[in-house]
Amino acid sequence: GGGTWQLVDATGMADPAPVAQTFFANKSITENFRLDGIVTLVDAKHIEQHLDEEKPEGAENESVEQVAFADVLLLNKTDLVSSDQLEKIEDRIRHINPYAKIIRTERCSTSLDEVIGLNTFSLDRVLEVEPDFLTSDHDHEHDDDIKSLCLVSDEPLDSKKFQAWFGDLIQTRGVDILRSKGILDFKDDNDRFVFQGVHMLFDSQPGEPWGDESRHSRLVFIGRELNQDYLQETLKLCLA
């Protein structure tokens, strides 16, 4: 059916998480609205100094978090920086959030189709695009606290073991996991199991049948100071 688009314009320094979590937690809202996507405007001229800004102990860098949460990043003022600088900025952005689509703009000029009708929070589209650089190692001049990581298992998982593992992870580190998503292969289940979340709140459902496709589990986390080696090792405890 039809519908009306509503844009929620947060303040420049806002944390996107509470807005996104509303669509997971408030039943009256989820029955009448769906979260289409998170679009972040990036000032190419000044973004690096904001990402590098030292914050008081206990305070978070809002610029890094906004990059991490985004589904689409409008990299604006591209006419004010060199092409080499743009490449450097994009590389750093992808280190933090490899799933966001980056659109280079001048004076924020872009088609509405690029920022509306994204449907990025649909469980049917979880991990629809799997960038090669998720599992690649790159040298980065800056070691941001927030970055992405990908966990993979080619062996089937036990659903109860996984629920216990994931529940403990969310309980202990949920505040540091900005976004999560995954496709899971549970033993004796012919369907994929898909999930995505924001901090401690998440949504999940059975997905499409595996069919003849090679079965595997793939989880992606974007978060603060996450240890990939530790998480990959402990995920092995969930094997069927």
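The values are calculated or read from the model by the stated rules, or taken from the named source; none is laboratory data. These figures come from a predicted structure and were not determined experimentally. Virtual Cβ from ideal backbone geometry, glycine too; neighbours counted across all protein chains shown. SASA here: full protein model, heavy atoms, side chains in, ligands and nucleic acids out. Shrake-Rupley method; radii C 1.70, N 1.55, O 1.52, S 1.80 Å.
When both residues are 6+ apart or on different chains and their Cβ atoms are under 9 Å apart, which pairs have a first residue that lies in the range 102-116 and is under 19 Å from Asp36 (Cβ atoms), and a second that is at pLDDT below 90 and aliphatic (A, V, I, L, M)?
Val115/Leu7; Ile116/Leu7
From the list Ala14, Ala68, Ala59, which one is aliphatic (A, V, I, L, M), under 26 Å from Glu225 (Cα atoms) and touching a residue at least 60 places away in the same chain (Cβ under 8 Å)?
Being aliphatic (A, V, I, L, M), under 26 Å from Glu225 (Cα atoms) and touching a residue at least 60 places away in the same chain (Cβ under 8 Å) holds for just one of Ala14, Ala68, Ala59, which is Ala68.
Do the conditions hold for Val19, that is, is it more than 18 Å from Leu118 (Cβ to Cβ) and either aliphatic (A, V, I, L, M) or touching a Phe, Trp or Tyr at 6+ places or on another chain (Cβ under 7 Å) (or both)?
Numbers: more than 18 Å from Leu118 (Cβ to Cβ): no; either aliphatic (A, V, I, L, M) or touching a Phe, Trp or Tyr at 6+ places or on another chain (Cβ under 7 Å) (or both): yes.
No, not satisfied.
Of the residues Asp52, Asp9, which is over 17 Å from the mean Cα position of the chain (by Cα), more than 19 Å from Asp176 (Cβ to Cβ), touching a residue at least 40 places away in the same chain (Cβ under 8 Å) and open to solvent by 60 Å² or more (accessible area, probe 1.4 Å)?
Asp52
Quick check on the range 224-238: of everything there that is touching a residue at least 40 places away in the same chain (Cβ under 8 Å) and open to solvent by 40 Å² or more (accessible area, probe 1.4 Å), which residue is farthest from the chain's Cα centre (by Cα)?
First, pick out the residues of the range 224-238 that are touching a residue at least 40 places away in the same chain (Cβ under 8 Å): 224-226, 228, 231-232, 234-238.
Applying the additional criterion that residues be open to solvent by 40 Å² or more (accessible area, probe 1.4 Å) yields 225, 228, 232, 236-237.
Details: Glu225: 15, Gln228: 16, Gln232: 18, Lys236: 23, Leu237: 25 Å.
Restricting to residues being touching a residue at least 40 places away in the same chain (Cβ under 8 Å) and open to solvent by 40 Å² or more (accessible area, probe 1.4 Å), the top hit is Leu237.
Before we move on, is Gly174 small (Gly, Ala, Ser) and within 21 Å of Ala20 (Cα to Cα)? Spell out the reasoning first.
Working: small (Gly, Ala, Ser): yes; within 21 Å of Ala20 (Cα to Cα): yes.
Yes, satisfied.
Any idea which of Asn26, Asn32 is polar (S, T, N, Q), farther than 19 Å from Phe221 by Cβ and open to solvent by 70 Å² or more (accessible area, probe 1.4 Å)?
Working: Asn26 fails: open to solvent by 70 Å² or more (accessible area, probe 1.4 Å).
Every option except Asn32 fails the conditions.
Could you tell me whether the range 65-87 includes any residue that is at positive phi and surrounded by fewer than 16 Cβ atoms within 10 Å (Cβ to Cβ)?
no
Could you list all residues from the range 66-88 that are touching a strand residue (DSSP E or B) at 6+ places or on another chain (Cβ under 9 Å) and not aliphatic (A, V, I, L, M)?
Selection gives Gln66, Phe69, Asp71, Asn76, Lys77, Thr78.
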